[in-house]
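Asks: Mind having a look at this structure? Questions to follow.
What follows is calculated from the coordinates using simple rules that are stated; it is not laboratory data. Values in this document were obtained by computation on a predicted structure and should not be read as measured data. Virtual Cβ from ideal backbone geometry, glycine too; neighbours counted across all protein chains shown.
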Amino acid sequence: MDTKSQNISNPVFNIFQAVGSALLTFLQKTGKLSAFVGRSVYHSFTPPFFPAQLWRQLVDIGYYSLPVVGMTALFTGMVLALQSYTGFTRFNAESAIAGVVVLSVTRELAPVLAGLMVAGRVGAAIAAEIGTMRVTEQIDALTTLSVNPFKYLIAPRLIAATITLPVLVLVGDVVGVYGGYVVSIYNLGFSPGSYISQTWDVVEKMDVISGLIKAGVFGFIVAIMGCYHGFHSGRGAQGVGAATTNAVVSSSILILIFNYLLTQVFFS
Amino acid sequence: MSKTPKIELSAIRKSFGNNHVLNGVDLVVPEGKSMVIIGGSGTGKSVMLKCILGLLDPDEGSIKIDGQDIIGMGPQNRDALMRKFGMLFQGAALFDSMKVWQNIAFGLIQGRGMERKKARDIAIEKITAVGLGTDVADLYPAELSGGMQKRVGLARAVAANPEIIFFDEPTTGLDPIMADVINQLIVEQVKQLGATALSITHDMGSVRTIADYVAMIHEGKIVWTGPVKELDKSGNPYVEQFIHGRADGPITRRVA
């Protein structure tokens, strides 16, 4: 047996080979994604711009996501008030409920849940639409018609998602706090005046701003992952399906990771 | 005929991993002529076309358009170069979210900044030129038959009066009559524009109708090229086998 054959049959060599291969694939994919992000950001800031496309995306991503984000925030605020009440009554700390609701909603729940809901609704739609365009050669057709697909397809989605998610989260903040207010007043018997004054006493500008900055980052993540997976979609219905799944899963995980990192930056 | 070829490929190589699709393609397309590339599936025809269009980067070799090497060209020059091209895709590749006239006028409005009203007028003119009624203008691609979609694709390809037009399997999936209609329209439009055409097809009917010159590609190399009138007396065993559709010959198919 020659040296090469001995290496191949060696279990230790096989482990190194598997780890090395996985590492190389990871680095290759990371590099490909980084280059895609760089190109997308570059084309978002350089002319020509397509305002009609941007407007369409603002409406699709922002306006049509309002009911989903609003409902999510409303019921999250309501549940939060109920759960906090159940826990805090054990320590006679019911007065802290208003503060817990407003801080939880503005700092964490509204941006994260809105990000995840938009990842499911918008990220999937972006990946499916761009993936179908890839499979049916519509993206190649754009290029042959002297239109850069990064400027026409990706930049408007990226800008729209980054702008609209903070707006959605701001609405989610208000609706979520209102949900907590409704349960606290009509279900738990709190006084409206004291609940509102406790809310104002606790919340600070930075609580809201940090949530909005997070939302901007999450919007960017949702759009870029949808575009990336759609743009590199495999052939056929299976390829587009896989692109859609990968877009939602990867953006959801990245949202949770970046939520931790941004929280560390803002509040550590 | 101009001395500088309109399209010139020299020693083009392209691999995907261990799959060597193009193995040194050399091809010259004279200005104002129609070149048709024939060859079996998976021999590299579409990859070659995508390399010329800049949709894929070749690993080696040079591609010249009007004598200018286009490999490694910057994005702005590339955008300007693309204005010389028009392309009819195999599946037409119409934008399904847009009406027919918007598809045809797309390159004029978005790529060249033409006013919508003027671009719509040109689109209607091209719709008529490819034998469709003007009522089709406000339909969506999903409402059209395969043949009508090809006609709209052709109208879109010629809308900006390109100097070079590519046709990727223009008659695939069409019945013989509709295929002949599309072939005749291609000849008519290419002649009218005085454009240089490069087509890839399996359909020998298309080859005989639209080609001035024919090139045969096999295993990523051009194995024969010549005028269409010499196709039947090429003496090349690959060409002989392909044009007569014989199972026996130098072209072998691996069957898993």
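Asks: If N is the number of residues in region B:1-130, what value comes out of its Cα radius of gyration divided by 2.2 N^0.38 Å?
Replies: 1.22
Asks: Moving to a separate point now. About the Cα centre, and with charges only on the beta carbon of Lys, Arg (+1) and Asp, Glu (-1), how big is the dipole of chain B? Nearest 20 debye, please.
Replies: Here chain B has a charge dipole of around 320 debye.
Asks: Mean projection of the alpha-carbon convex hull of chain B over all orientations, in nm²?
Replies: So the mean shadow area of the Cα hull is 14.7 nm².
Asks: In debye, nearest 20: dipole of chain A around its Cα centre with unit charges on the Cβ of K, R (+) and D, E (-)?
Replies: So the dipole magnitude of chain A works out to roughly 560 debye.
Asks: Using the Karplus equation 6.51 cos²θ - 1.76 cosθ + 1.60 (θ = phi - 60°), what ³J(HN,Hα) coupling, rounded to whole Hz, does each residue of region B:6-18 give in order, writing x for Gly and Pro?
Replies: Result, ordered by residue: 5, 10, 9, 10, 10, 6, 6, 10, 8, 10, 10, x, 8 Hz.
Asks: Continuing with the same structure: For peptide A:145-157, compute the average count of partner chain beta-carbon atoms within 10 Å of each residue's beta-carbon.
Replies: 4
Asks: In whole Hz and in residue order, list the ³J(HN,Hα) couplings for region B:57-67 that follow from phi through the Karplus curve 6.51 cos²θ - 1.76 cosθ + 1.60, θ = phi - 60°; x for Gly and Pro.
Replies: Per-residue couplings from phi come out as 9, x, 6, 8, x, 10, 10, 10, 10, 6, x Hz.
Asks: While we're looking at this one, here's another question. Cut-off is 10 Å between beta-carbons; in what order do A:H229, B:H20 appear when sorted fewest neighbours first?
Replies: In order of increasing Cβ crowding within 10 Å: B:H20, A:H229.
Asks: Taking each residue in A:133-141, count the Cβ atoms of any other chain within 10 Å of its Cβ, then average. What number comes out?
Replies: 6
Asks: How many angstrom lie between the Cα centre of region A:47-101 and the Cα centre of region B:173-198?
Replies: 57
Asks: Return one number: the angle in degrees, 0 to 90 and rounded to the nearest 10, between the long axis of the Cα atoms of helix B:116-129 and the longest principal axis of the Cα atoms of chain B.
Replies: With rounding to tens, the tilt is 60 degrees.
Asks: Where in chain A are the helices, taken as whole DSSP H runs, whose Cα atoms extend 18 angstrom or more along the long axis and whose Kyte-Doolittle mean reaches at least -0.5?
Replies: A:11-45, A:66-88, A:155-186, A:205-231, A:236-267
Asks: Here's a follow-up. Would you mind telling me which residue in B:K33, B:K117, B:K50 has the biggest mean-square fluctuation in a Gaussian network model of chain B, where springs connect alpha carbons within a distance under 10 angstrom?
Replies: B:K117
Asks: Exceeding 30 Å between C-alpha atoms, which entries from my cross-link table qualify? They are B:K126/B:K233; A:K151/B:K118; A:K29/A:K205; B:K3/B:K150; B:K3/B:K126; A:K29/B:K14.
Replies: B:K126/B:K233; A:K29/A:K205; B:K3/B:K150; B:K3/B:K126
Asks: Quick one: grab Rg to one decimal and Dmax as a whole number for region A:60-267, Cα atoms only, in Å.
Replies: That works out to 19.9, 70 Å for Rg and Dmax.
Asks: Measure of size requested: the Rg and Dmax of the protein assembly as shown, with Cα atoms as the atom set and Å as the unit; please supply both.
Replies: 29.4, 100
Asks: Search the structure for amide H atoms under 5 Å from the amide H of B:K221, placed 1.01 Å from N in the peptide plane, and list their residues when 5 or more places away or on another chain.
Replies: For B:K221, whose amide H was placed from the backbone, the distant partners under 5 Å are B:N23.
Asks: Looking at chain B as a GNM with Cα springs under 10 Å, which of B:P162, B:P227, B:P75 has the largest mean-square fluctuation?
Replies: Comparing B:P162, B:P227, B:P75 in a Gaussian network model of chain B, the most mobile one is B:P75.
Asks: Take every residue in peptide B:85-91, count the Cβ atoms of other chains within 10 Å of its Cβ, and give the average of those counts.
Replies: That works out to 4 on average.
Asks: Specify the angular offset, from 0 to 90 degrees and rounded to the nearest 10, of the alpha carbon long axis of helix B:176-193 from the longest principal axis of the alpha carbons in chain B.
Replies: Compared with the principal axis, the helix lies near 80 degrees.
Asks: Using +1 on the beta carbon of Lys and Arg, -1 on that of Asp and Glu, and nothing else charged, what's the dipole of the protein assembly as shown about the Cα centre, debye to 20?
Replies: Around 380 debye, computed over the protein assembly as shown.
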